[in-house]
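The values are calculated or read from the model by the stated rules, or taken from the named source; none is laboratory data. As the structure is a computational prediction, the values presented were derived from the model and not from experiment. Glycine gets a Cβ as well: all are built from the backbone with ideal geometry, and neighbour counts include every protein chain shown. Just so you know, the surface numbers come from the protein's heavy atoms only, side chains and all, with ligands and any DNA or RNA stripped out. Shrake-Rupley method; radii C 1.70, N 1.55, O 1.52, S 1.80 Å.
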Amino acid sequence: MAAPPDREVSSALSLELLPTDPLLLILSFLDYRDLVSCCYLNQRLNQLSSHDPLWKRHCKKYWLISEEEKSRRNQSWKAIFTSTYSDFGRYIHCYATLKKAWDDLEKYLGQWCPRMISSLKESAREEELDAVEAQIRCKLPDDYRCSFRIHNGQKLVVPGLMGSMALSNHYRSEDLLDIDTAAGGFQQRLGLKQCLPLTFCIHTGLSQYMALESVEGRNKYEIFYQCPDQMARKPSAIVMFITGTSYLEWFTSYVNEVVTGGYPIIRDQIFRYVHDKKCVATTEDITVSVSTSFLPELSSVHPPHYFFTYRIRIEMSKDALPEKTCQLDSRYWRITNAKGDVDEVQGPGVVGEFPIIGPGKVYEYTSCTTFSTTSGYMEGYYTFHCLYYKDKFFNVTIPRFHMVCPAFKVSTA
């Protein structure tokens, strides 16, 4: 008969009798929501959940707050978490990812493209984003809003933050539009209904758009380049080359390519050439590597005409003997489309030049090709002659490299 009262007293006193350290250890595993909930259970948990070190992990995880920044603010960890949450709480699911992307990008630009840093605009205010939503009568996705709370795009300058592309007679450089300029370009015309431009190229007029609603065959928040359907009777008919499924995925994947060296830096700007690490061939002391890019602004689905550019790097080992110095005489290409049709091209030099390659020297050039299919590949060789041994000729392998058009869909407008 004494057991029930004992259990009752035990359960009533268990929390109060537990020492502080084990309870703090348990609370340290809780998410911030559960930690806040503990404040309302009883007085003891209210006091323990306010223990400042418990909030350090959440500040670092969700807001990327460092020890140095905490010292600058001269606030407790809980105060920092609470004040930041009051400003960015709706973005807590994506803030850390986007903030890290921006921080990594700024650090990289500061080292390799310093003049681009000055083109970045300060953060947009929450009220400005609300005003744009009211203006265009569409909701902006939280990841887009969050990114613009960190940086409000960039000024309309060259080079653009979102990458460049150059051929002898064609140049593209895409700026990341600020929120007001993007709102000014918001589309309601057939073919592009409820589409917000994300980028803009001053030279070509090319933009990447984000669909704010699922209309005309697009998925909500899908990102794409538009391409006119030249064979359609309606001028509103377009084809969309898909570049992202959400703003978060689109922006962070681009930043990752930049900061990991996936895109080369040429003349203080980012060039959007994709390099396949397997696409390298070495013949004796000479290495040839290739990177490629698809150009939507020069391509068409109807009629089929897919335009690609490729950048080739020819390098001689720095350990090669001086007498290995040689000059490029000619090139041979074997070009195969997705149907298996083959074209062979042979001619003198490359892009009108006959480069000389010596130990440690590098020669790079850009050229282009088109396919009537959505993919294809090229391979071949260069013929060189030695400058030291006049009669010695040899071939250098160009590795096979593939070019693939991005996924695309036709507008149902």
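Looking only at region 222-249, which residues are more than 21 Å from SER299 (Cα to Cα) and either among the polar types (S, T, N, Q) or surrounded by fewer than 22 Cβ atoms within 10 Å (Cβ to Cβ) (or both)?
Within region 222-249, THR245, SER246, LEU248, GLU249 qualify.
What are the pairs with Cβ atoms under 9 angstrom where one residue, in region 102-116, is assigned by the TED database to the domain that holds ARG149 and assigned to a helix (DSSP H, G or I) and the other, located anywhere, is open to solvent by 30 Å² or more (accessible area, probe 1.4 Å) and of a type in the set (S, T, N, Q)? Sequence gap at least six, or different chains.
ASP104/ASN256
Among the residues of region 61-96 satisfying the criterion of being basic (Lys, Arg) and more than 24 Å from the chain's Cα centre (by Cα), which is nearest to SER28 (Cα to Cα)?
Across region 61-96, the extreme among qualifying residues is LYS78.
Could we say that TYR363 is touching a strand residue (DSSP E or B) at 6+ places or on another chain (Cβ under 6 Å) and either assigned to a strand (DSSP E or B) or farther than 19 Å from TYR332 by Cβ (or both) here?
yes
List, please: which pairs have Cβ atoms under 7 Å, are six or more places apart or on different chains, and start with a residue in region 72-83 that is within 12 Å of CYS59 (Cα to Cα) and end with one that is part of a loop (DSSP other than H, G, I, E, B) and open to solvent by less than 60 Å² (accessible area, probe 1.4 Å)?
SER76/ASP52; TRP77/ASP52; LYS78/SER50; LYS78/ASP52; ILE80/ILE65
I'd like to know if region 118-130 contains one or more residues that are aliphatic (A, V, I, L, M), farther than 19 Å from LEU177 by Cα and at pLDDT 95 or above.
No, there is no match, as no residue in region 118-130 is aliphatic (A, V, I, L, M), farther than 19 Å from LEU177 by Cα and at pLDDT 95 or above.
Kindly provide the set of residues from region 381-413 that are assigned to a loop (DSSP other than H, G, I, E, B) and touching a residue at least 40 places away in the same chain (Cβ under 8 Å), ordered by number.
LEU387, TYR388, TYR389, CYS405, PRO406, ALA407, SER411, THR412, ALA413 - these are the residues of region 381-413 that are assigned to a loop (DSSP other than H, G, I, E, B) and touching a residue at least 40 places away in the same chain (Cβ under 8 Å).
Across region 230-256, what is the number of residues that are in a strand (DSSP E or B) and β-branched (Val, Ile, Thr)?
So the answer is 4.
Might you check whether a residue that is at pLDDT 95 or above, among the aliphatic types (A, V, I, L, M) and under 35 Å from the mean Cα position of the chain (by Cα) occurs anywhere in region 356-364?
Scanning region 356-364, I find at least one residue that is at pLDDT 95 or above, among the aliphatic types (A, V, I, L, M) and under 35 Å from the mean Cα position of the chain (by Cα), so the answer is yes.
The rows are residues; the columns are (1) surrounded by fewer than 18 Cβ atoms within 10 Å (Cβ to Cβ); (2) within 23 Å of VAL280 (Cβ to Cβ); (3) not assigned by the TED database to the domain that holds THR204.
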| site | (1), (2), (3) |
| --- | --- |
| ARG313 | yes, yes, yes |
| ASP341 | yes, no, yes |
| THR366 | no, yes, yes |
| HIS385 | yes, no, yes |
